[in-house]
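Trainee: One structure, as structure tokens, below. Some questions next.
The values are calculated or read from the model by the stated rules, or taken from the named source; none is laboratory data. Every value quoted in this text rests on a predicted model; they were computed, and no experiment measured them. Backbone-built Cβ (ideal geometry, glycine too); neighbour counts: all protein chains shown. Note: areas computed on protein heavy atoms with side chains; ligands, DNA, RNA excluded. Shrake-Rupley method; radii C 1.70, N 1.55, O 1.52, S 1.80 Å.
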Amino acid sequence: MNLWLGKLSKTPPVTLRTPAETARFELESFFPHTPFDLYEQTDMGDAYQIVPGNDGFFSITGGSTGLLYGAYRLIMDTLCGKALSGTVTSEPKYSLRMINCWDNADGDIERGYAGRSLFFRNGRLEYSTERIQTLGRLLASVGLNVLCINNVNVHYPAQLLLEDYLPDLAALADLFRPFGVRLMVSVDFSQPMRHGISTADPLDPAVQAWWKETAGRVYAAVPDLAGFLVKADSEGRPGPFTYGRNHAEGANMLADALKPFGGVVVWRCFVYNCRQDWRDTKTDRPKAAWEHYAFLDGEFAENVILQVKHGPFDFQVREPLSPLLLGMKKTKLAMELQLAQEYTGHQIDLYTMIPMWKELYEELPADNIMSIAAVSNLGDDENYTGHPLAAVNLYTYGLLAWNPDVNAEEAVARWCRMTYDFTDDQEQTLVSLLLSSRRTYEKYTAPLGIGWMITPHEHYGPNPSGYEYDLWGTYHKADRNAVGINRTHSGTGYLDQYPEDFRRKYEDPAVCPDLFLLFYHRLPYDYRMRDGRTLIQRIYDDHFEGLEETRVMADRLLALPFPEPDASVIRDRMNQQLYSAREWCDIINTFFHRLSGAPDAHGRTIYD
Ligand code: GCV
């Protein structure tokens with residue numbers, strides 16, 4: 001196994017009970033000849049301080065989880081060849097650093113690209129204890145501390161809350177607890193209706209009583225459950241709208257039920273009309289979240305966190321930061337990222353996400369949000385992430401969740417060093433391929449922020465008009481003259497949802513960064529870009545470059561001495577990516593060439 005902790009030899013025993021015990025175990029097995037002290041100081045929580053002494057001796061002070069995070073920090077610094085040179089103190093930026101699994105009770109994973117569920121089989125919680133421990137250790141090693149184990153699209157029967165299943169949930173929580181990982185479960189808003197109540201109206205006393213009683217039962221079994229995750233009134237899921245209630249009324253009702261137990265309601269803001277008529281030019285899907293939530297700012301209970309996808313659409317390769325993340329100052333917010341490569345190559349194509357996340361933080365003051373979540377890219381494949389190199393996304397996400405100021409290049413380099421025994425040159429090659437992979441993918445897929453030219457539903461491979469006459473509100477409106485949607489004040493008004501300084505950067509195509517041009521503007525193919533190229537030429541150039549970069553990437557990547565079984569998996573997936581990149585390049589270029597009739601300035605082949 002070449003996950004980053006593969007070089008630790010001993011697996012922690014199941015008898016460990018607390019993170020502090022795990023810290024001691026990990027340190028004793030990693031530094032068998034070095035004396036150390038651990039000082040547990042409850043009020044420090046996740047924070048730690050490491051103090052080096054003479055002859056290699058060191059001491060760590062922290063809360064129980066802080067000791068564990070300090071232990072991993074020391075071990076991983078050592079694995080990376082970085083000796084401790086003085087006192088180190090660290091505390092996480094966000095208290096909840098979450099992974100959301102979209103695992104179904106039958107073992108299937110929605111948008112899963114690494115095999116089947118690590119937790120569920122045949123409708124029950126059923127797993128390999130060893131793999132759960134490895135997962136707990138991986139999450140803890142990068143400071144992740146909340147794991148939501150089931151899909152936000154909660155499939156019936158949503159049994160996790162039921163009497164019969166609670167002992168199983170409790171047993172799973174016991175396995176994660178020594179790694180400081182608390183479980184969370186996704187719940188279905190209409191659940192009371194499956195238990196003899198005729199409504200799920202959040203203001204109905206019978207509904208409120210049912211949730212309170214249920215919360216009591218669940219917390220009796222798992223006292224440290226982090227809380228409930230909810231997808232409501234979204235893509236067909238039930239929610240408060242059915243009863244004429246708003247989302248603060250819905251979320252606060254659940255929050256009230258969890259409050260006595262210290263639990264939180266993480267309420268997703270992915271709400272839009274998924275049955276839009278493509279003929280309707282008034283509705284602009286990216287506006288939806290703001291319209292549903294902004295007016296409720298300040299109305300949510302203390303223990304409600306609104307979880308907002310990082311962009312206003314849905315995890316496309318390039319989207320602006322969601323306006324909710326800038327505008328809801330009186331509400332607790334979590335930003336939602338997606339490690340699962342739903343639109344970014346299905347863990348077949350190489351796609352390292354940290355450069356993209358760092359761009360988000362250029363717009364997002366880190367203090368605007370109080371938690372962070374990411375949709376899991378994990379499954380029961382031997383290497384856990386399908387593509388062995390996709391593990392870099394889980395690792396770097398943990399580092400970013402701890403400290404958004406993390407340096408992207410250093411984070412990727414650390415992962416490479418801990419995972420493979422490469423020479424410095426080989427490591428440098430891998431780091432640079434990983435760091436450039438997102439931009440390469442972006443070049444050969446949909447151009448300049450437009451998104452959505454992907455095969456519908458499956459979301460792999462090109463289909464430029466696959467979503468164009470569909471219900472999902474994701475249109476590019478390419479015709480023979482122009483492409484894109486005007487989302488400025490003179491268009492759909494989406495940009496009006498942002499603060500003034502943000503708007504100014506994007507509202508004029510002459511200043512709008514190229515990579516967002518077609519997200520915000522509708523422009524003719526002969527539009528002159530700042531570098532003198534026409535828009536259509538820029539589209540052609542990016543696609544030819546993206547394909548060429550993929551070919552070079554394949555040569556360089558496949559020359560690296562990956563061990564088996566990684567080598568074979570990487571080779572197979574790289575070949576699939578090469579095929580896919582060529583399809584994307586040719587299909588997108590042909591699509592725009594047929595519409596515009598504009599020749600390529602360099603006379604390269606475009607298939608008509
Ligand atoms: C879990 C997109 C995905 C769905 C996912 C949804 C969500 O629409 O395609 O699979 O559902 O986002 O985030 O809720």
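Trainee: Specify the inter-centroid distance of the stretch 123-171 and the stretch 537-608, based on alpha-carbon positions, in whole Å.
Mentor: Centre-to-centre distance over Cα atoms comes out at 39 Å.
Trainee: Okay, moving on. For Glu299 and Tyr39 in one chain, what is 0.36 nm times their gap in residues minus the Cα-Cα distance, to one decimal in nm?
Mentor: Result for the pair: 89.5 nm of gain on full extension.
Trainee: Here's something else I'd like to know. Tell me, what is the 1.4 Å probe accessible area of Glu302, in Å² to the nearest 10?
Mentor: It works out to around 140 Å².
Trainee: For the stretch 326-399, what is the charge dipole size about the Cα centre, in debye to the nearest 20, if Lys and Arg each add +1 at the Cβ and Asp and Glu each add -1 at the Cβ? Let's see the in-between values first.
Mentor: Values: 4 positive and 10 negative charges, 93 e Å.
Here the stretch 326-399 has a charge dipole of around 440 debye.
Trainee: Still on this structure: Round to the nearest 0.05 the FRET efficiency obtained for Arg528 and Glu291 when R0 = 35 Å and r is the Cβ-Cβ distance.
Mentor: Details: r = 35 Å, r/R0 = 1.00.
E between Arg528 and Glu291, to the nearest 0.05, is 0.50.
Trainee: May I ask you to evaluate 6.51 cos²θ - 1.76 cosθ + 1.60, the Karplus curve with θ = phi - 60°, for each residue of the stretch 49-57 and list the ³J(HN,Hα) values in order in whole Hz, giving x for glycine and proline?
Mentor: 10, 10, 10, x, x, 7, 6, x, 4
Trainee: Continuing with the same structure: Using the beta-carbon distance between Ser465 and Thr78 and R0 = 60 Å, what value does 1/(1 + (r/R0)^6) give for FRET efficiency, to the nearest 0.05? Please report the intermediate quantities before stating the final value.
Mentor: Numbers: r = 53 Å, r/R0 = 0.89.
Calculated value: 0.65.
Trainee: Multiplying the sequence separation of Thr129 and Glu545 by 0.36 nm and subtracting their Cα-Cα distance, what value in nm do you get?
Mentor: That pair, Thr129 and Glu545, stretches by 145.1 nm at full extension.
Trainee: Which of the listed residues, Gln537, His387, Ala209, is farthest toward the dipole's positive end in the chain, when Lys, Arg count +1 and Asp, Glu count -1 at the beta-carbon?
Mentor: Value computed over the given set: Gln537.
Trainee: Expressed as a rounded percentage, what relative contact order does the chain have, with Cα pairs under 8 Å and six or more residues apart?
Mentor: Working: 1160 pairs, mean separation 74.7, N = 608.
Normalised by residue count, the contact order of the chain is 12 percent.
Trainee: Is the chain best put as rounded, prolate or oblate by its Cα gyration tensor, with a ≥ b ≥ c the root eigenvalues, rounded for a/c under 1.5, and otherwise prolate when a/b is larger than b/c, oblate when not? Walk me through the numbers on the way to the answer.
Mentor: Working: a/c = 1.80, a/b = 1.20, b/c = 1.50.
Oblate shape, in that a/c is at least 1.5 and b/c is the bigger or equal ratio.
Trainee: Accessible area of the chain with a 1.4 Å probe: how many percent of it is carbon plus sulfur?
Mentor: 49
Trainee: Farthest toward the dipole's positive end in the chain, which of Phe119, Pro240, Pro462, given Cβ charges of +1 (Lys, Arg) and -1 (Asp, Glu) about the Cα centre?
Mentor: Checked the options; the winner is Pro240.
Trainee: Taking amide H atoms as placed 1.01 Å from N in the peptide plane, list the residues 5 or more away in sequence, or in a different chain, whose amide H sits under 5 Å from that of Ile99.
Mentor: Close amide H contacts, sequence-distant or interchain: Val146, Leu147, Cys148, Ala374.
Trainee: Over 22 Å between Cα atoms, which of Lys282/Lys443; Lys231/Lys282; Lys231/Lys358; Lys7/Lys358; Lys330/Lys505; Lys93/Lys330 qualify?
Mentor: Long pairs (Cα-Cα over 22 Å): Lys282/Lys443; Lys231/Lys282; Lys231/Lys358; Lys7/Lys358; Lys330/Lys505.
Trainee: With every protein chain kept in the model, how would you rank Glu410, Glu336 by accessible area, 1.4 Å probe, largest at the top?
Mentor: Numbers: Glu410 115, Glu336 0 Å².
Descending accessible area places them as Glu410, Glu336.
Trainee: Length gain on complete extension for the stretch Ala206 to Asn153, per 0.36 nm per residue less the alpha carbon to alpha carbon distance?
Mentor: This chain segment gains 16.7 nm when fully extended.
Trainee: Now for a different question. When DSSP beta bridges are limited to those with both residues in the stretch 96-419, what percentage is antiparallel, rounded to the nearest 5?
Mentor: About 10 percent, rounded to the nearest 5.
Trainee: So, in Å, what gap is there between the alpha-carbon centers of the stretch 14-44 and the stretch 354-391?
Mentor: 28
Trainee: Add +1 for every Lys or Arg and -1 for every Asp or Glu among the other residues with Cβ under 10 Å from the Cβ of Leu5, and state the total.
Mentor: +1
Trainee: Now for a separate question. Per-residue accessible area for Tyr361 at 1.4 Å probe radius, Å² rounded to 10?
Mentor: 30
Trainee: So what is the relative contact order for the stretch 96-419, in percent, with contacts set as C-alpha pairs under 8 Å and at least six apart?
Mentor: Answer for the stretch 96-419 is 19 percent.
Trainee: Also, I was wondering about something else. Placing +1 at every Lys and Arg Cβ and -1 at every Asp and Glu Cβ, with all other atoms neutral, what dipole size does the chain have around its Cα centre, in debye to the nearest 20? Display every interim value, and only then the final one.
Mentor: Details: 58 positive and 81 negative charges, 113 e Å.
Computed charge dipole of the chain: roughly 540 debye.
Trainee: Keeping all protein chains in place and using 1.4 angstrom, which order do Phe562, Phe592 fall into by accessible surface area, from largest down?
Mentor: Phe562, Phe592
Trainee: Mind giving me the FRET efficiency for Lys329 and Glu91? R0 is 22 Å, r the Cβ-Cβ distance, nearest 0.05 is fine.
Mentor: Step by step, r from the Cβ atoms, then E = 0.40.
Trainee: Same structure, new question: How large is the accessible surface of Met529 in square angstrom, using a 1.4 angstrom probe and rounding to the nearest 10?
Mentor: 10
Trainee: Per residue, how much accessible area does the chain have with a 1.4 Å probe, in Å²?
Mentor: On the way: 22800 Å² over 608 residues.
Ligands and nucleic acids excluded, the result is 38 Å² per residue.
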